[in-house]
1. Quick one: which residue in 671, 665 is under 30 Å from residue 420 (Cβ atoms), outside the structural domain of residue 603 (by TED's automatic domain parsing) and surrounded by 19 or more Cβ atoms within 10 Å (Cβ to Cβ)?
2. Sort out which residues of segment 111-155 are charged (D, E, K, R) and either under 20 Å from residue 318 (Cβ atoms) or under 29 Å from the mean Cα position of the chain (by Cα) (or both), and write them in order of number.
3. Among (1) assigned to a helix (DSSP H, G or I); (2) within 19 Å of residue 605 (Cα to Cα); (3) of a type in the set (A, V, I, L, M, F, W, C), which single condition is residue 714 missing?
4. Does residue 331 count as of a type in the set (S, T, N, Q) and loosely packed, with under 15 Cβ neighbours inside 10 Å?
5. Quick check on residue 369: is it surrounded by 14 or more Cβ atoms within 10 Å (Cβ to Cβ), basic (Lys, Arg) and either part of a helix (DSSP H, G or I) or modelled with pLDDT of 95 or more (or both)?
6. Here's a check for you: in segment 1-25, which residue that is surrounded by 18 or more Cβ atoms within 10 Å (Cβ to Cβ) and over 23 Å from the mean Cα position of the chain (by Cα) is farthest from residue 397 (Cα to Cα)?
7. So how many residues does segment 624-661 have that are among the polar types (S, T, N, Q) and free of Cβ contacts under 8 Å to residues at least 40 places away in the same chain?
8. Is it the case, given these coordinates, that residue 333 is of a type in the set (Val, Ile, Thr), in contact (Cβ under 8 Å) with a residue 24 or more places away in the chain and at negative phi?
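The values are calculated or read from the model by the stated rules, or taken from the named source; none is laboratory data. Remember, it's a predicted structure, so these values are computed and weren't measured experimentally. Note that we place each Cβ from the backbone using ideal geometry, even for glycine, and neighbour counts take in every protein chain shown.
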Amino acid sequence: MMRLVLLVAAACAVYADSFGVPFLFDDRSAIVSNLRIRELWPGPFTSARPIVDLTLAANYAVGGLHVVGYHLVNLALHVGCGLLLYDLARRTLRATGTAPGHEARVAWWAALVFLVHPLQTEAVTYVSSRSEVLRALWYLATLDLALLGETDAARRTTWWALAIVTCALGMATKPAMVSAPIAVWWLFRCTAEPDEPSVSFADDRVHGPRRVPALRRPFGVGVAATWLVLAALVAWVETPGAGLDIGIGSLDYLRTELGVTWHYLRLLVWPANQTIEYDWPLATRWLTPPVVVPALGWIVVLAMLVGLRRARRDAAAFWLGLALLALAPSSSIVPIADLVFEHRMYLPLAGFAVLAALAGEGLARRAPRSVAVAAVIAVVTLGVATIERNRLWHDPVTLWEDALAKAPSKPRIFRNLISAYEERGDRANAARIAARETAVFESVHRARPHDPEAMSALADAYARGGRIDEALPLLVAAVQRAPSDALVRAAYGSLLLEIGRAEEAVSQLEMAQALAGGQRDWLGRDLLRTISTNLGWAYASVGRESDAIGVLRQAAAHDDVEALNNLGSILARTGQWSEALRVLERAHERDPDDPNVESNLGWVCANLGRLDEARQLLELAIVKQPQEPSAHGNLGWVRLRAGDPAAALTAFAAAQALEPANAWIATMQGIAHARLGEWPVAIAAFQRAMSLTSESDLARENLARAERRELPLLPEPEP
């Protein structure tokens, strides 16, 4: 019991600092914007990973979007995996006669390494990687229950029935569970007694009370039948799990993963330079050193596996085979969008941890004290590295700066780092990173001048830097070279919308929407929501408000915060204030920290006469996003309506400093000065507003009233 307590304590110690890590990266789409987890039924069961979504739904039911609860569950699952590993390792060592008398010690050290290794942080600390931890839990439970059924004759049927259930739960958790039935077969092969070397599911021979091979056939059929669960989810659920259908060939992916997997092994031994995002090149040819060298290495590993099995080193053979089986689904021939993710080593690390513990046990026979000291130092070092790695996850800026230092040409890193700085309100550093991004993508474009992806990336960087005239021809060329690329066409349509060519934007975004609608992976779904949001704005810009509202309703169907925010804004523009309020309140509930939502909700509350709420929301939005002129302007308008023109002028001055050429703000300043009886200043402000636009009827009318010393008209706030 003390061993188990120490394992739990060690895991809690190294992950105690993870509870404050915010939602990051894919957490936005998997949790914050995931409508399926808002209810326990039926939402999670419409997902390709229903068990994962069910646990997230349970989190949401208990604590909403408070991140601590999600981290607590992830840690509890991680501890559960460690305890299962301890039990399974102990039983396999006993069943194979390995390390007699020391099985528990070897298993304990293996579980300890598994629990505190820094390579596990991405799976445990990053909430969206819960699927990997859950997969490992069901995988290890299936094997442990299968072995219990082999050794416990009295309750064999019960254990094996439970093993089938856990295997099915794993299939409903993540497709990488696909190798579990093979792992069960491998377990039986490696734990077979010497007098039954050909043991298999179909073996009907009986060799004493320890085994009842006659039951293996129905058990084997039951375990294999769990593949039907996975097949049904892939075939019937509309949107399968992340990363499939990405246009990478199986052989290209296999060649690439040969090197990637050796990188994983290096991180096992020396976990330095970990990162959330890699920029690993795709291997397109066989006869190159980055492919040939790791391929030869894996041939040696497979030869070792065969040698261990023939030498009846069954425990080592089982755990090495298990590590390979656990890694194969994500790192062999089935292409996944991201070539490298550290969380894919979560379960394989269990196998390698047992192998390391077995090696340590062998060395301990010769130098027990030296090995014990080395083991303690190694575990403490791993634990400290895990604590340090967890600290990095606390701050999105620090996390993405670290990633950029290790992969300086990855577009997604630049985008996430710029967003992190912007969310912090640090526009100077966001601009610095954007300038660096532009320089990098200019270099990439020079090296690959006809690559649509390189063109699109550079155009995006130019557009965000205000270099529209340079971005537009790049996107035109990219669309010509890749007319069926939804992402490229969406970028082109969005840029057209930004520069006021709304009719053309509608055409391009409609085509992009049709192309993205055929993509069934999560990347396609996110892209479709983004396209629909922009298309809604494009429709509104050409006067098609009903179409805009319709497409934005679809985009907001899964409670996407940006789509809800935009829908609420357009509803308000069309005078549907009550519905706009409901939509924006839902967006605010989904993400109470989004300043854009707070600003729009404040605007709607102001128009509905809820001035106190409006003021509080707008002040919060300004604290979080002090560089947004419309929030300052709307706050000034609210203060005017509340009868405080002096305070309103402070807000209008901040808005004018950010957007000097805004005629509406100049008009508001004139109204505030007029309310204070400062007629000459008011007249100058109205005249300035009229000089900024030829369509300022409000400024013209208020100028006439000011010249007659009449109180001005107060218009609607700036949307």
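1. 665
2. Matches in segment 111-155: 122, 130, 132, 135, 144, 150, 152.
3. For residue 714, the exception is condition (1).
4. Criteria not met by residue 331.
5. When the stated conditions are applied, residue 369 does not pass them.
6. Among residues in segment 1-25 that are surrounded by 18 or more Cβ atoms within 10 Å (Cβ to Cβ) and over 23 Å from the mean Cα position of the chain (by Cα), the one farthest from residue 397 (Cα to Cα) is 7.
7. So the answer is 2.
8. Spelling it out, residue 333 is indeed of a type in the set (Val, Ile, Thr), in contact (Cβ under 8 Å) with a residue 24 or more places away in the chain and at negative phi.
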